[in-house]
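The structure appears below as structure tokens.
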């Protein structure tokens, strides 16, 4: 009997937190920026091919905020400043505007636009220069569709500089008109059967933690729970009900599927989805492996059923290749690697279904041309591949022969735990403030109007958004953490104000004041010549080295972080030295290799971590940590170059370092400013 084609389910998750303050104004512009770059572009890319299908998840807070761009100057604080002439801005507003206008990814978004590249390096701007900066910032976020098909965007790119206030007005008008076409575009593609569209509980809460905070300990027995927690089960119901109502408003039907926020599941949340008629959800492979108490990958490539709901489990490795690794590769090489990895699954499994679930907006600004080259190569190959067919989640659910899960382990798509949203003192403090505010509201005996009661409910639900907890703690980094902290606490402050009660003083104390401010990148301060033996031989051996803390490089997305946490580096006249620390026991895998890639030429230098074999003049050692010496003979006359590191096992890329791109090695550095006695 001939084997059926492998079913490939692409699932693109589109999400932004609710940036609205108590006045309804969005305090940050990321909904607008991703709207002009990603929300239309991602389904549009798919339509350039005849047979490619996918599923898109649109969160409720994203859809609501997209609607607000019918009146952008009323609802978007950034655009209300951006639209003004620079001479009308007070100094504080001007500096905040400049900070945002310099927030684009430099290599992929700033450098390709000459005027932006020039202005990005300046600290002071004339009024004309600031107008130019404002426009090129917005142009840098315009996706390929707009650059190709929008007349205003095309003209401004051609003009390049010397822009006026009228140019700003025309650009804003055309882009806000464009934003209103996004959700109807999804609706039309869903009617055609090209895509499925799902949604998420309303404010993107971690439903299992709302229902029972004890789930955090079940998923990770070593976590610390917030004090005096209690169930917010009715809030969980409201998040589902309100999200379904908004979906029906836009798509004239009830949603058939949900992406639980952050893939977070437990038994009671699945029962709720079933109760509300949700047919399918998706989450991460870690949940399946914990639920089966087995990590056999053959179990991954099929659908399961629990509490009457079909579940697709995400292939974490394949998904992370797209989300994080392929941005460092050429488009054709990345597409070839993806197909080759899929083919291995197809050869080893019987009629497999593979779920590739990726953040649908945040990855592409790290890719060349916003991912256009990559998707052209990938979708083009898939279109012409007979042994693999893409399918929507609705199609997979309709044809699924589910295996019944006997139990479902609580967890999320990040390591199968809830540690990203609980356990750290800052995260727990945020939960404790929610519980404190809820107790005070429930004990309130005064009179409040129906309008105030509805606003209070809104603030409570908004305070439960997963994004606030994402930015608390040390596991993710953003330049806008203060703004997120303020947004969270203001929701709780507003509840007290609506009740006519003075808010407790602790709500005015920034939770982020407990933050670790240690930098992720420390540059070398002196030359070094360590002994490459994999041991902590001497404190002075690596004194003055540079370092990169991989744990601090995670921002809007997360991934399987790999065994390496920190790398240390330096050089002398003979070699470049790098030490890797983390879970060194994980490096004992058969056939594991460390590849060092010279960005300037694409040349690879290989270290075999099993046999400790290396190229001539290079050295590798593993003991308490992994250490290598890379001969300077490899680099000839190069004095400034960039290195990348990949841990690979066969075709599987286990970790790419550094997480922010490449490690800059400057052999011209003489360290004179750092000499000490």
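The values are calculated or read from the model by the stated rules, or taken from the named source; none is laboratory data. Bear in mind the structure is a predicted one, so any value in this text is a computation, not a measurement. Every residue, glycine as well, gets a Cβ built from its backbone with ideal geometry; the counts of neighbours run over all protein chains shown.
Side notes on the structure shown:
- Meets criteria (outside the structural domain of residue 629 (by TED's automatic domain parsing) and over 24 Å from residue 426 (Cα atoms)) for residue 498: yes
- Subset of the range 627-645 [surrounded by fewer than 20 Cβ atoms within 10 Å (Cβ to Cβ) and either in contact (Cβ under 8 Å) with a residue 24 or more places away in the chain or assigned to a loop (DSSP other than H, G, I, E, B) (or both)]: 631, 632, 634, 635, 636, 637, 638, 639, 640, 641, 642, 644
- Which numbered condition residue 90 misses (of (1) at pLDDT 95 or above; (2) touching a helix residue (DSSP H, G or I) at 6+ places or on another chain (Cβ under 7 Å); (3) surrounded by fewer than 18 Cβ atoms within 10 Å (Cβ to Cβ)): (2)
- If you go through the range 479-512 and keep only what is assigned to a loop (DSSP other than H, G, I, E, B) and within 23 Å of the chain's Cα centre (by Cα), you end up with 479, 480.
- The single condition among (1) under 28 Å from residue 232 (Cα atoms); (2) at pLDDT 80 or above; (3) in a loop (DSSP other than H, G, I, E, B) that residue 476 does not meet is (2).
- Candidates 534, 544 - the one that is outside the structural domain of residue 481 (by TED's automatic domain parsing), touching a helix residue (DSSP H, G or I) at 6+ places or on another chain (Cβ under 9 Å), assigned to a loop (DSSP other than H, G, I, E, B) and at pLDDT below 85: 544
- Residues in the range 104-128 that are surrounded by fewer than 19 Cβ atoms within 10 Å (Cβ to Cβ) and under 21 Å from residue 483 (Cβ atoms): 105 only.
- Flag for residue 117 being touching a helix residue (DSSP H, G or I) at 6+ places or on another chain (Cβ under 7 Å) and free of Cβ contacts under 8 Å to residues at least 12 places away in the same chain: yes
- The range 647-662, subset touching a strand residue (DSSP E or B) at 6+ places or on another chain (Cβ under 6 Å) and at pLDDT below 85, residue nearest to residue 607 (Cα to Cα): 649
- Criterion violated by residue 221 - all others in (1) surrounded by fewer than 20 Cβ atoms within 10 Å (Cβ to Cβ); (2) in contact with a strand residue (DSSP E or B) (Cβ under 7 Å, 6 or more places away or on another chain); (3) over 20 Å from residue 61 (Cβ atoms) satisfied: (2)
- Residue in the range 138-160 that is more than 25 Å from the chain's Cα centre (by Cα), assigned to a loop (DSSP other than H, G, I, E, B), modelled with pLDDT of 95 or more and more than 17 Å from residue 104 (Cα to Cα) present: yes
- Enumeration of residues in the range 277-286 that are touching a strand residue (DSSP E or B) at 6+ places or on another chain (Cβ under 9 Å) and in a loop (DSSP other than H, G, I, E, B): 278, 279
- Filter result for residue 320 (surrounded by 21 or more Cβ atoms within 10 Å (Cβ to Cβ), modelled with pLDDT under 95 and farther than 22 Å from residue 142 by Cα): yes
- Every residue from the range 313-358 that is within 30 Å of residue 600 (Cβ to Cβ) and not in a helix (DSSP H, G or I): 329, 330, 358
- Residue within the range 201-217 that is in a helix (DSSP H, G or I) and free of Cβ contacts under 8 Å to residues at least 40 places away in the same chain present: yes
- Hey, residue 227 closer than 19 Å to residue 64 by Cα and either outside any helix (DSSP H, G or I) or touching a residue at least 60 places away in the same chain (Cβ under 8 Å) (or both) or not: no
- The residues of the range 12-45 that are within 19 Å of residue 176 (Cβ to Cβ) and in a loop (DSSP other than H, G, I, E, B), listed by number, are 16, 19, 24, 25, 27, 28, 29, 40.
Each row is one residue, and each column tells you yes or no for (1) assigned to a helix (DSSP H, G or I); (2) surrounded by 17 or more Cβ atoms within 10 Å (Cβ to Cβ); (3) on the phi > 0 side of the Ramachandran plot.
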residue: 236; (1), (2), (3): yes, yes, no
residue: 241; (1), (2), (3): yes, no, no
residue: 244; (1), (2), (3): yes, yes, no
residue: 247; (1), (2), (3): yes, yes, no
residue: 250; (1), (2), (3): yes, yes, no
residue: 255; (1), (2), (3): no, yes, no
residue: 262; (1), (2), (3): yes, yes, yes
residue: 270; (1), (2), (3): yes, yes, no
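- Checking 610, 600, 624, 616 one by one, the residue that is part of a loop (DSSP other than H, G, I, E, B), in contact (Cβ under 8 Å) with a residue 60 or more places away in the chain and assigned by TED's automatic domain parsing to the domain that holds residue 534 is 624 and no other.
- Candidates 440, 467, 475, filtered to the one that is surrounded by 13 or more Cβ atoms within 10 Å (Cβ to Cβ), touching a residue at least 40 places away in the same chain (Cβ under 8 Å), closer than 18 Å to residue 19 by Cα and in contact with a helix residue (DSSP H, G or I) (Cβ under 9 Å, 6 or more places away or on another chain): 467
- Here residue 216 does not qualify as surrounded by 16 or more Cβ atoms within 10 Å (Cβ to Cβ), more than 23 Å from the chain's Cα centre (by Cα) and either at pLDDT 95 or above or not assigned by TED's automatic domain parsing to the domain that holds residue 435 (or both).
- Any chance residue 517 is at pLDDT below 80 and not in a helix (DSSP H, G or I): yes
- Residues of the range 575-598 include none that is modelled with pLDDT of 85 or more, exposed (fewer than 15 other Cβ atoms within 10 Å of the Cβ), under 28 Å from residue 333 (Cα atoms) and in contact with a strand residue (DSSP E or B) (Cβ under 8 Å, 6 or more places away or on another chain).
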